[in-house]
Amino acid sequence: MARKKTNNDIPTFDELLVPTIKALQELGGSGSIEEINSKVYVIAEISDETLHATHGEEGTVSEVDYRLAWSRTYLKKFGLLENSSRGIWALSKSDITINELDPIEIVKAVREQSKLASSITKITSTEQQIENEITKEVDNLEGWKEKLLDVLYNITPAAFERLSQRLLRESGFFQVEVTGKVGDGGIDGKGIVRVSGLLSFHVIFQCKRYKGSVTPSQIRDFRGAMQGRADKGLVITTGTFTREAVKEATRDGAPPIDLIDGEMLCDKLKELKLGVDTKLTEIVDIKNDWFNDL
């Protein structure tokens with residue numbers, strides 16, 4: 001029987017198995033880790049306070065996300081999920097019935113399966129095998145990003161503003177200027193983005209180089225400063241945004257503000273190869289069964 005949770009409890013990985021399947025069903029059968037996790041937060045009613053608990057003392061991955069990595073791995077080993085090299089996870093079957101899923105049976109089956117494999121191949125224990133897979137995934141999620149964020153925390157505020165300027169230029173903005181002045185309501189720069197070569201939007205941006213979470217009041221203050229001066233706002237931070245800050249940024253009837261948190265910033269720097277190099281070794285393996293099961 002599942003234990004009763006309080007607002008301060010962190011769900012165990014087995015309690016997140018069914019919410020993970022539900023999240024993927026709501027996403028249409030597939031999604032990125034970020035998309036899946038965001039859905040699970042809502043489905044499992046996980047509070048902001050719980051989400052801010054990190055895995056390990058200096059980790060950038062939350063404890064909830066760490067446990068969700070365990071959930072995905074168990075579901076994959078049970079045959080309900082599959083994942084691609086691009087980090088997209090998908091349901092392996094389109095006809096999964098939520099009411100028929102038993103977390104206890106899933107955990108038991110995966111552990112029995114791993115024990116059998118261990119006895120045949122003489123490899124490490126069940127939990128160690130799964131731990132190795134989770135560690136690999138968390139390293140992909142956390143390791144390089146943690147190192148990159150450490151670098152960003154230690155550059156000067158002016159350097160971070162210039163980095164944001166370069167990021168926007170590389171992303172298609174033009175006339176990007178750093179205009180940060182004391183008493184300017186937190187506005188650090190401005191630029192113009194053109195959509196499909198037809199529509200142009202004036203954007204004002206703010207840079208926040210710290211480890212904390214941006215609050216809804218900070219979003220409101222920034223919106224007040226941008227009123228009448230731009231079509232959209234953009235906040236770039238090395239930290240995170242509280243759930244209420246995200247809601248405030250997209251509040252109906254208010255000028256829209258887009259948000260880039262530390263994790264998204266790292267992904268964008270990697271994508272644009274700004275201070276980040278990626279080295280890959282590709283092995284191509286055709287899975288006939290996968291196509292037959294479509």
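Inside region 10-26, can you point out the residues that are among the polar types (S, T, N, Q) and within 17 Å of the chain's Cα centre (by Cα)?
Thr20
I'd like to check something: does region 78-87 contain any residue that is buried (at least 19 other Cβ atoms within 10 Å of the Cβ), at pLDDT below 90, in a helix (DSSP H, G or I) and not assigned by TED's automatic domain parsing to the domain that holds Thr242?
Looking only at region 78-87, we keep the residues that are buried (at least 19 other Cβ atoms within 10 Å of the Cβ), and these are 80-81.
Remaining after also requiring at pLDDT below 90: none.
So far as region 78-87 goes, no, none of its residues is buried (at least 19 other Cβ atoms within 10 Å of the Cβ), at pLDDT below 90, in a helix (DSSP H, G or I) and not assigned by TED's automatic domain parsing to the domain that holds Thr242.
Examine region 244-260 for a residue that is buried (at least 19 other Cβ atoms within 10 Å of the Cβ) and within 22 Å of Thr156 (Cβ to Cβ), and state whether such a residue exists.
Yes - at least one qualifying residue is present in region 244-260.
I'd like the residue in region 178-208 that is charged (D, E, K, R) and at pLDDT below 90 and, out of all such residues, is surrounded by the fewest Cβ atoms within 10 Å (Cβ to Cβ). Steps first, please.
So the first thing to find is which residues in region 178-208 are charged (D, E, K, R), and the list is 181, 184, 188, 190, 194, 208.
Within this subset, residues satisfying the condition of being at pLDDT below 90 are 181, 184, 188, 194.
Working: Lys181: 8, Asp184: 12, Asp188: 24, Arg194: 12.
Here the residue is Lys181.
Residue under question is Ser62, and the condition is that it be buried (at least 17 other Cβ atoms within 10 Å of the Cβ) and among the polar types (S, T, N, Q); does it hold?
Spelling it out, Ser62 is indeed buried (at least 17 other Cβ atoms within 10 Å of the Cβ) and among the polar types (S, T, N, Q).
Those residues that are surrounded by fewer than 10 Cβ atoms within 10 Å (Cβ to Cβ) and either outside any loop (DSSP other than H, G, I, E, B) or at pLDDT below 70 (or both), I need them from region 278-294; list them, please.
Of everything in region 278-294, those that are surrounded by fewer than 10 Cβ atoms within 10 Å (Cβ to Cβ) and either outside any loop (DSSP other than H, G, I, E, B) or at pLDDT below 70 (or both) turn out to be Lys279, Leu280, Thr281, Glu282, Ile283, Asn288, Asp289, Phe291, Asn292, Leu294.
Residue check, Arg229 against (1) part of a loop (DSSP other than H, G, I, E, B); (2) of a type in the set (Lys, Arg); (3) closer than 23 Å to Thr50 by Cα, all met but one. Which one?
(3)
The values are calculated or read from the model by the stated rules, or taken from the named source; none is laboratory data. No experiment lies behind these values; they were computed from the predicted model shown. As a convention, Cβ positions derive from the backbone with ideal geometry for all residues, glycine included, and neighbour counts pool all protein chains shown.
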